[in-house]
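Novice: Quick one: structure below, then a few questions.
The values are calculated or read from the model by the stated rules, or taken from the named source; none is laboratory data. Source: prediction; values computed, not measured. Cβ: placed from backbone, ideal geometry, glycine included. Neighbour counts: every protein chain shown.
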Amino acid sequence: MPHPTTMPRLYFFLSILLIDILCCTGSYAQIINIDKTDTSAYQKKSQWNASFSIGLELDKQNTTLLDMSNFADASLQHYHELFILSASNRITSNGDKSFLNTGYVHLRWRHNYKNRLHPESYVQYQWDEQRGMLHRFVTGANIRYSPWHKDKWNMTFATGIMYENEAWDYAAVDSAKIPANPVTLNTSVIKSNNYVKWESQVSANSTISIILFYQALYTHFFQPRVSTFISYDATVSRHFSLGLKYTALYDVKPIVPLPNFYYSLSTNLAYKL
C-alpha cells in the first residue's frame, strides 16, 4: 500500500487527471473496452502517462453515418496500484446535420496489477442519444487471471459482478415498432461480467489486441450482450501512432426494439506524451 505521506500527492494527481478527462467525452457502444498492459517493473514513485487521438469513423445501423472522434486516455501508476481513465468525444455528421450526442467517462483501478491473479474495480458513465441510450451507469469488480504472459503476447481471463442502470427512449427505433404512447424505459439490474483478452506484438512497432465480453443477467445467462473488440496499433514515431479499431456488439434482448447487431469501424492518429 502507498505510504501515508504520499497519499495526498497521489489523490492530487488523480484529481487533475479526472478533471482533464471530463472535459472531452464520447461513446462507442454499450460495452467499452478499457484495458492497459504494463510490463515495466513496479516503481515506488508515482508515474503517469497520457495519450490523445483523433479519427474518422463509419457506423452502420439503420443509416450510414460519418463520425469525427477525439479520444483521451491517461493512467497513473503508484507501486502496486494502477488507475486508468478514459474518455472520448464524438461528433456525428448525417448529411448536412452535425451534432454531438455520445460520450463516456470510465475509471478503473487494478491492485497488484502485475500478479497473475489480481482484482480490478471500475465505474463508468455513458450516453448515446443517436441510439436512444439516454444514459448508462455501470460499476462493478472483477478478478483477472493472466496464465500466459510471454515476451510478445499475453492472455487474460476475467469474471465478476456489476450493477447496471440504463435509460432508453425510441429515438433510433423503426417507427412501425414504436408503441402508441412511448415512455422512457429504465432498468436497474445486477449482471455477470466476463471477458477474455489476447494481445500480441506483431512486429517491433505494432501490436494487435482482441477482446471478447460476455455480460448477462444471472437469471437469463444465455441472453447476453456479447461484444468483440479488435484493435491494431502501429508506432510511427516517438509520440505518434496509427490505430485501426473494430467493435461488434450483439444484444440478444435489447431494452428497446433495436437491431440486435451493431458495429463500429474507426481509424485514429494518437499522440502520446
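Novice: Any idea which of 170, 271, 250, 262 is part of a strand (DSSP E or B), among the hydroxyl-bearing types (Ser, Thr, Tyr), surrounded by 18 or more Cβ atoms within 10 Å (Cβ to Cβ) and in contact (Cβ under 8 Å) with a residue 24 or more places away in the chain?
Specialist: 262
Novice: Kindly check whether there is at least one residue in segment 54-68 that is assigned to a strand (DSSP E or B), small (Gly, Ala, Ser) and modelled with pLDDT of 80 or more.
Specialist: No, segment 54-68 contains no residue that is assigned to a strand (DSSP E or B), small (Gly, Ala, Ser) and modelled with pLDDT of 80 or more.
Novice: For residues that are out of contact with any Phe, Trp or Tyr (no Cβ under 9 Å at 6 or more places or on another chain) and at pLDDT below 95, scanning just segment 184-217, find the one that is surrounded by the most Cβ atoms within 10 Å (Cβ to Cβ).
Specialist: Filtering segment 184-217 for residues that are out of contact with any Phe, Trp or Tyr (no Cβ under 9 Å at 6 or more places or on another chain) and at pLDDT below 95, the one surrounded by the most Cβ atoms within 10 Å (Cβ to Cβ) comes out as 205.
Residue by residue, here is whether (1) closer than 30 Å to residue 272 by Cα; (2) outside any strand (DSSP E or B); (3) of a type outside the set (Ser, Thr, Tyr) holds:
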{"position": "160", "(1), (2), (3)": "no, no, yes"}
{"position": "165", "(1), (2), (3)": "no, no, yes"}
{"position": "190", "(1), (2), (3)": "no, no, yes"}
{"position": "195", "(1), (2), (3)": "yes, no, no"}
{"position": "200", "(1), (2), (3)": "yes, no, no"}
{"position": "207", "(1), (2), (3)": "yes, no, no"}
{"position": "211", "(1), (2), (3)": "yes, no, yes"}
{"position": "234", "(1), (2), (3)": "yes, no, yes"}
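Novice: Which condition number does residue 256 fail, the rest of (1) within 20 Å of the chain's Cα centre (by Cα); (2) closer than 30 Å to residue 184 by Cα; (3) surrounded by 16 or more Cβ atoms within 10 Å (Cβ to Cβ); (4) touching a residue at least 60 places away in the same chain (Cβ under 8 Å) being met?
Specialist: (1)
Novice: Just one of the numbered conditions (1) modelled with pLDDT of 90 or more; (2) touching a Lys or Arg at 6+ places or on another chain (Cβ under 7 Å); (3) polar (S, T, N, Q) is not true of residue 235; which one?
Specialist: Answer for residue 235: the failing condition is (2).
Novice: Separate question: Under 8 Å between Cβ atoms, which residue pairs at least 6 apart in sequence (or on different chains) link something in segment 174-190 that is within 23 Å of residue 161 (Cα to Cα) and touching a residue at least 24 places away in the same chain (Cβ under 8 Å) with a partner that is of a type outside the set (A, V, I, L, M) and exposed (fewer than 12 other Cβ atoms within 10 Å of the Cβ)?
Specialist: That search, which allows pairs on different chains as well, returns 190/218.
Novice: Between 172, 141, which is in contact with a Gly (Cβ under 6 Å, 6 or more places away or on another chain) and under 21 Å from residue 74 (Cα atoms)?
Specialist: Among 172, 141, only 141 is in contact with a Gly (Cβ under 6 Å, 6 or more places away or on another chain) and under 21 Å from residue 74 (Cα atoms).
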